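Chemist: What follows is a single structure, and I will ask about it in a moment.
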Amino acid sequence: MDPKLHNIFSCPIYETSLNLNIKLINEYCLRLNKSTAGVVRSNQGGWQSPAIDSRELPILATEIKKHANLFKKKLLLKDSLKICNMWVNMNGYKDSNIKHAHPRCTLSGVYYVKVPSQSGGINFFNPVDDLLDSDWHHVKRENYNKYNSLTWTFEPVENLMLLFPSWLRHSVLPHLNKKERVSISFNLR
């Protein structure tokens, strides 16, 4: 029998580019920022809105639901998914988000509205990063890949949407541009 390499316990990330009018969405986010006090959750600096009604951004909400339900089919999940909350994130110079997950949800995601250069990627943590770090701290890697990495980073791009299992811990690296980065995060259940 030839040797086989089995990929078990995979951790999927769904990535798609949308073709939405980011100018209108950005204007909505700016108006919300001027009229609403922010909240502090995982954000280190920056502004995060309280939950917004997905009906405020109906075209984006439709795209989120469409792609989330495509993703859940790939994951062989039965129940249809609905948006349970959405919020706006605005990060200024050196703002970031600490490591966190989204408990009691099925899928989570982010949609990038305004992305200047050096906007700080979204950093996903290997679900067994604590074990890799303690048990493989001495192991030299020829190269980093999906089997031996502690983290995996996606760089933000305007009109990009990422969906991921809500239990997957993630952070946002520091934003290193003087112009604000704007994104919209959401959870589905």
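The values are calculated or read from the model by the stated rules, or taken from the named source; none is laboratory data. Quick caveat, the model's predicted, so the values are computed rather than measured. As a convention, Cβ positions derive from the backbone with ideal geometry for all residues, glycine included, and neighbour counts pool all protein chains shown. Accessible surface is based on the protein model in full, side chains and every heavy atom, while ligands, DNA and RNA are left aside. Shrake-Rupley method; radii C 1.70, N 1.55, O 1.52, S 1.80 Å.
Chemist: Might you tell me the accessible area per residue for the range 1-156, computed with a 1.4 Å probe and given in Å²? Intermediate values should be presented prior to the final figure.
Modeler: Numbers: 10200 Å² over 156 residues.
Result: 65 Å² per residue.
Chemist: Here is a further query. Within the range 105-189, report the GluC sites (Glu not before Pro) that DSSP leaves as loop and that have at most 11 other Cβ atoms within 10 Å.
Modeler: Here the sparse-neighbourhood loop sites are E142.
Chemist: Starting from the Cα of K179, draw a straight line to each of the aspartates and glutamates and keep only those under 13 Å, dropping any in the same chain fewer than 8 residues away.
Modeler: Leaving aside aspartates and glutamates fewer than 8 places away in the same chain, those within reach of K179 are D95.
Chemist: With runs of 4+ DSSP H residues as the only contributors, calculate the mean residue ellipticity of the chain at 222 nm using -39,500 (n - 2.57) per run, divided by the residue total and rounded to the nearest 500. Display every interim value, and only then the final one.
Modeler: Values: 3 runs with 38 residues, N = 189.
It comes out at -6500 deg cm²/dmol, rounded to the nearest 500.
Chemist: Restricting things to alpha carbons, find the Rg to Rh ratio for the range 111-153 using the Kirkwood radius for Rh. Show your work: numbers first, answer last.
Modeler: On the way: Rg = 13.8 Å, Rh = 12.3 Å.
For the range 111-153, the value is 1.12.
Chemist: Apply the Karplus parameterisation 6.51 cos²θ - 1.76 cosθ + 1.60, with θ equal to phi minus 60°, to every residue of the range 75-82 and state each ³J(HN,Hα) to the nearest whole Hz, in sequence, with x for glycine and proline.
Modeler: Calculated HN-Hα couplings, in order: 7, 6, 8, 7, 5, 6, 10, 10 Hz.
Chemist: Would you indicate which of (i) 17.6; (ii) 17.0; (iii) 18.8 is the value of Kirkwood radius over Cα pairs in Å derived from the coordinates of this structure?
Modeler: Read-out from the structure maps to (i).
Chemist: While we're here: Taking the alpha-carbon distance from K78 and a cut-off under 30 Å, which lysines remain once sequence neighbours fewer than 8 residues away in the same chain are dropped?
Modeler: Those lysines meeting the cut-off are K65, K66, K99, K146.
Chemist: Let me ask another. Exactly which chymotrypsin sites (Phe, Trp or Tyr not before Pro) in the range 68-174 are in a DSSP loop and have at most 15 other Cβ atoms within 10 Å?
Modeler: Details: sites: F71, W87, Y93, Y111, Y112, F124, F125, W136, Y144, Y147, W152, F154, W167; in loops: Y93, W136, Y144, Y147, W167.
Sites meeting the loop and neighbour criteria: Y93, W136, Y144, Y147, W167.
Chemist: What dipole magnitude, in Debye to the nearest 20, does the chain give about its Cα centre under +1 on Lys/Arg Cβ and -1 on Asp/Glu Cβ? Don't skip to the answer; put the middle values down first.
Modeler: On the way: 25 positive and 16 negative charges, 97 e Å.
Magnitude of the dipole: close to 460 debye.
Chemist: Sticking with this one: Need one word for the range 1-104: rounded, prolate or oblate. Basis is the Cα gyration tensor (sqrt eigenvalues a ≥ b ≥ c); a/c below 1.5 gives rounded, then a/b vs b/c decides. Show your work: numbers first, answer last.
Modeler: Details: a/c = 2.36, a/b = 1.66, b/c = 1.42.
The shape class here is prolate.
Chemist: Any chance you could give the angle, 0 to 90 degrees and rounded to 10, that helix 22-35 forms with the longest Cα principal axis of the chain?
Modeler: Tilt relative to the chain: about 70 degrees.
Chemist: Using only Cα atoms, tell me the angle between helix 58-74 and the longest principal axis of the chain; keep it within 0 to 90° and round to the nearest 10.
Modeler: The two axes meet at around 10 degrees.
Chemist: Which residue, chosen from Q48, N85, S35, occupies the Cα position most advanced towards the positive end of the dipole of the range 25-113, where the dipole is computed from +1 (Lys, Arg) and -1 (Asp, Glu) charges on Cβ about the Cα centre?
Modeler: N85
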